[in-house]
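Take this structure first; my questions come after.
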Amino acid sequence: MTLEEMDKKYVLQTYARNYVNFKSGQNATLFDEDGKDYIDFTSGIGVASVGHGNAQVAAAIYEQVSHLTHTSNLFLIEPQAKLAKKMVELSGLDMAVFFGNSGAEANEGAIKIARKYGQNKFKNKRFKVLTLEHSFHGRTITTIKATGQDSFHQEAFSPYPAGFEHKSQIKDIYSAIDDETVGVMIELIQGEGGVQAFDKKEVQDLAAFLRSKELLLIIDEVQSGVFRSGEFLSAKLYGIEPDIVTLAKGLAGGVPIGAVMTKHKDVFKTGDHGSTFGGNFLSTRAGLEVLDILESYYKEGFLGASIEYFDKKLQEQVKNHSDIFLATTGIGFMRGLQCANGELVAKIIKAGFANGVLVLKAGRNTLRFLPPLTITKEEIDEGFARFEKALGSI
Ligand SMILES: *Cc1c(COP(=O)(O)O)cnc(C)c1O
């Protein structure tokens with residue numbers, strides 16, 4: 001039985017999977033079982049933030065798990081406390097953290113905080129959370145409902161929980177706020193929806209309005225967070241102070257982790273929320289090491305420099321292939337190339353793979369680039385050289 005046959009027989013087939021068998025990686029380069037190498041412009045959908053095979057993270061994880069992997073949240077977890085402190089310091093916001101295991105779970109936590117805040121704060125309980133079209137907030141029943149894409153709201157999984165409504169644009173949110181609305185949850189740079197960054201002024205106006213009404217601004221930074229935007233939080237780029245921030249993907253470099261941070265530190269009381277695995281020694285020790293690497297990378301200007309270089313390469317693509325690419329989108333290392341049509345996106349991904357460079361799709365017609373934040377100039381050059389070859393082959 002081949003591995004592909006095994007996968008197809010024993011794994012539930014929920015993914016349109018490419019059956020390449022990757023065996024190892026080194027920063028932004030992956031190697032398959034035949035030794036063929038690929039420049040990875042996807043970092044496992046924004047997860048391998050410090051690249052593949054990172055020796056510093058591997059050593060920290062090994063050291064940690066050789067002593068302790070898990071004891072439960074009934075006891076103090078040293079790296080959890082240290083990681084929370086580090087995240088709060090990097091955010092520059094007066095917040096506290098709850099740890100889970102995924103982005104969806106982080107958003108579930110955010111919604112629970114919002115609903116309890118809505119009960120505590122107002123005479124008539126407020127519980128409704130407004131979200132935006134083309135958003136993506138996760139795959140649990142609740143976060144599917146929060147996701148503003150009808151294609152996710154399959155009848156088969158209904159009934160969905162009440163208390164969510166999605167609006168087409170930020171400006172439509174104001175009139176949708178009623179006496180049941182407790183807050184708004186948005187990505188500042190929509191990822192899955194097509195790598196679209198919102199206008200700064202529009203977001204700032206919304207933030208000020210919500211604050212004036214004591215309603216909550218929840219920023220889903222599951223994809224945009226942990227330096228992917230060029231800052232620890234994209235909220236900083238936007239000059240806003242959210243009530244709640246959710247993080248996951250890049251936070252522990254590939255070890256499953258999710259986090260909800262909030263300045264409303266006293267909403268959750270003992271017993272209100274929990275997670276068996278959330279914040280255990282393995283994931284939080286990995287997270288600490290990832291943040292240690294990324295913080296110095298950021299402070300020493302390497303992150304900013306490689307983001308700038310990558311941007312230059314993307315701009316060249318639009319200039320040189322104006323028949324294929326309409327525009328660049330996104331911010332930092334969360335970037336897109338808008339293509340003339342959706343079929344082109346699929347063709348380029350396939351040709352890219354054949355030529356040894358991995359790229360993703362987002363929305364209907366956008367090629368998405370989420371490279372490891374530690375990608376080198378040489379890897380960027382090699383990746384775009386292969387990308388050129390791929391374009392030439394279609
Ligand atoms: C990936 C993603 C999620 C879901 O994260 P999971 O870890 O897959 O549950 C939620 N929100 C955004 C913005 C994401 O990009």
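I'd like the residue in the range 43-62 that is touching a residue at least 24 places away in the same chain (Cβ under 8 Å) and part of a helix (DSSP H, G or I) and, out of all such residues, is farthest from the ligand (Cβ to nearest atom).
Of the range 43-62, the ones touching a residue at least 24 places away in the same chain (Cβ under 8 Å) are 43-54, 56-57, 60-61.
Right, trim to part of a helix (DSSP H, G or I) and you get 43-46, 56-57, 60-61.
Working: Ser43: 13, Gly44: 11, Ile45: 7, Gly46: 7, Gln56: 24, Val57: 19, Ala60: 22, Ile61: 19 Å.
Once the filter is applied, the top-ranked residue is Gln56.
Would you check which residues across the range 103-133 are within 15 Å of the ligand (Cβ to nearest atom) and surrounded by fewer than 20 Cβ atoms within 10 Å (Cβ to Cβ) and list them?
The one that is within 15 Å of the ligand (Cβ to nearest atom) and surrounded by fewer than 20 Cβ atoms within 10 Å (Cβ to Cβ): Glu133.
Exactly one of these conditions fails for Asp292: (1) under 20 Å from the mean Cα position of the chain (by Cα); (2) buried (at least 19 other Cβ atoms within 10 Å of the Cβ). Give me its number.
Every condition holds for Asp292 apart from (2).
Does Gln64 satisfy the condition of being buried (at least 16 other Cβ atoms within 10 Å of the Cβ), farther than 30 Å from Lys361 by Cβ and of a type outside the set (Ser, Thr, Tyr)?
On the way: buried (at least 16 other Cβ atoms within 10 Å of the Cβ): yes; farther than 30 Å from Lys361 by Cβ: yes; of a type outside the set (Ser, Thr, Tyr): yes.
Taking the combined requirement at face value, the residue satisfies it.
Another one. Could you grab me the full set of residues in the range 316-372 that are more than 19 Å from the chain's Cα centre (by Cα), small (Gly, Ala, Ser) and modelled with pLDDT of 95 or more?
Ser322, Ala327, Ala346, Ala351, Gly352, Ala354, Gly356
Which of the residues belonging to the range 184-222 are within 16 Å of the ligand (Cβ to nearest atom) and more than 18 Å from Gln169 (Cβ to Cβ)? Reasoning before the result, please.
At the first step, the residues of the range 184-222 found to be within 16 Å of the ligand (Cβ to nearest atom) are 184-198, 203, 217-222.
Across the range 184-222, the qualifying residues are Glu221, Val222.
Oh, and also: Quick check on Lys116: is it more than 28 Å from Ile331 (Cβ to Cβ) and touching an Asp or Glu at 6+ places or on another chain (Cβ under 6 Å)? Before the answer, list the steps.
On the way: more than 28 Å from Ile331 (Cβ to Cβ): yes; touching an Asp or Glu at 6+ places or on another chain (Cβ under 6 Å): no.
Considered against the rule, which asks whether it is more than 28 Å from Ile331 (Cβ to Cβ) and touching an Asp or Glu at 6+ places or on another chain (Cβ under 6 Å), Lys116 comes out as no.
Still on this structure, I have one more. Report, by residue number, each residue of the range 194-228 that is farther than 19 Å from Lys112 by Cβ, part of a loop (DSSP other than H, G, I, E, B) and touching a residue at least 60 places away in the same chain (Cβ under 8 Å).
Pass one, the range 194-228, residues farther than 19 Å from Lys112 by Cβ: 194-209, 211-213, 223-228.
Then drop every residue that is not part of a loop (DSSP other than H, G, I, E, B), which leaves 194-195, 198-199, 213, 223-228.
Gly194, Val195, Gln223, Ser224, Val226, Phe227, Arg228, listed by residue number.
Would you be able to say whether some residue in the range 338-351 is in contact (Cβ under 8 Å) with a residue 12 or more places away in the chain and part of a loop (DSSP other than H, G, I, E, B)?
To start, the set of residues in the range 338-351 that are in contact (Cβ under 8 Å) with a residue 12 or more places away in the chain comprises 338-342, 344-349, 351.
Pick out the ones that are also part of a loop (DSSP other than H, G, I, E, B) and you get 340-341.
The answer is yes; a qualifying residue exists.
Output yes when any residue across the range 29-38 is hydrophobic (A, V, I, L, M, F, W, C), surrounded by 14 or more Cβ atoms within 10 Å (Cβ to Cβ) and farther than 18 Å from Gly383 by Cα, and no when none is. Show your work before the answer.
Of the range 29-38, the ones hydrophobic (A, V, I, L, M, F, W, C) are 30-31.
Keeping just the survivors that are surrounded by 14 or more Cβ atoms within 10 Å (Cβ to Cβ) gives 30-31.
Okay, now just the ones that are also farther than 18 Å from Gly383 by Cα, so none.
Checked the range 29-38: no residue is hydrophobic (A, V, I, L, M, F, W, C), surrounded by 14 or more Cβ atoms within 10 Å (Cβ to Cβ) and farther than 18 Å from Gly383 by Cα.
Among residues belonging to the range 235-292 that are of a type in the set (Ser, Thr, Tyr) and in a loop (DSSP other than H, G, I, E, B), point out the one that is farthest from the ligand (Cβ to nearest atom). Please lay out each step first, then the result.
Of the residues in the range 235-292, the ones of a type in the set (Ser, Thr, Tyr) are 238, 246, 262, 270, 275-276, 283-284.
From the residues that got through so far, the ones that are in a loop (DSSP other than H, G, I, E, B) too are 238, 270, 275-276.
On the way: Tyr238: 15, Thr270: 26, Ser275: 13, Thr276: 16 Å.
Ranking the qualifying residues of the range 235-292, first place goes to Thr270.
Moving to a separate point now. Taking interchain pairs and intrachain pairs at least six residues apart, which have beta carbon atoms under 6 angstrom, with the first residue in the range 236-258 and among the polar types (S, T, N, Q) and the second in a helix (DSSP H, G or I) and surrounded by 24 or more Cβ atoms within 10 Å (Cβ to Cβ)?
Here the result reads Thr246/Ala106; Thr246/Asn107; Thr246/Ala110, each pair linking the range 236-258 to a residue that is in a helix (DSSP H, G or I) and surrounded by 24 or more Cβ atoms within 10 Å (Cβ to Cβ).
List every residue pair whose Cβ atoms sit under 6 Å apart, with the two residues 6 or more apart in sequence or on different chains, where the first one lies in the range 91-107 and is of a type outside the set (A, V, I, L, M) and the second, anywhere, is buried (at least 23 other Cβ atoms within 10 Å of the Cβ) and part of a strand (DSSP E or B).
Matching pairs, first to second residue: Phe98/Val260; Phe99/Ala259; Gly100/Gly258; Asn101/Gly258; Ser102/Gly258; Gly103/Gly258; Glu105/Gly258; Asn107/Thr246.
So, Ser91, is that one of a type in the set (Gly, Ala, Ser), in contact with a Leu (Cβ under 7 Å, 6 or more places away or on another chain) and more than 16 Å from the ligand (Cβ to nearest atom) or not?
yes
If you don't mind, another one. Out of Asp266, Asp323, Asp272, Asp311, report the one residue that is touching a residue at least 24 places away in the same chain (Cβ under 8 Å), surrounded by fewer than 16 Cβ atoms within 10 Å (Cβ to Cβ) and out of contact with any Gly (no Cβ under 8 Å at 6 or more places or on another chain).
On the way: Asp266 fails: touching a residue at least 24 places away in the same chain (Cβ under 8 Å); Asp323 fails: touching a residue at least 24 places away in the same chain (Cβ under 8 Å); Asp311 fails: surrounded by fewer than 16 Cβ atoms within 10 Å (Cβ to Cβ).
Going through Asp266, Asp323, Asp272, Asp311 in turn, just one is touching a residue at least 24 places away in the same chain (Cβ under 8 Å), surrounded by fewer than 16 Cβ atoms within 10 Å (Cβ to Cβ) and out of contact with any Gly (no Cβ under 8 Å at 6 or more places or on another chain): Asp272.
Within the range 134-178, which residues are surrounded by 13 or more Cβ atoms within 10 Å (Cβ to Cβ), more than 14 Å from the ligand (Cβ to nearest atom), in contact (Cβ under 8 Å) with a residue 24 or more places away in the chain and charged (D, E, K, R)?
Correct list: Glu165, Lys167.
The values are calculated or read from the model by the stated rules, or taken from the named source; none is laboratory data. Being a predicted model, the structure only gives us computed values, none of them experimental. Counting neighbours? That spans all protein chains shown, and the Cβs are built from the backbone with ideal geometry, glycine included.
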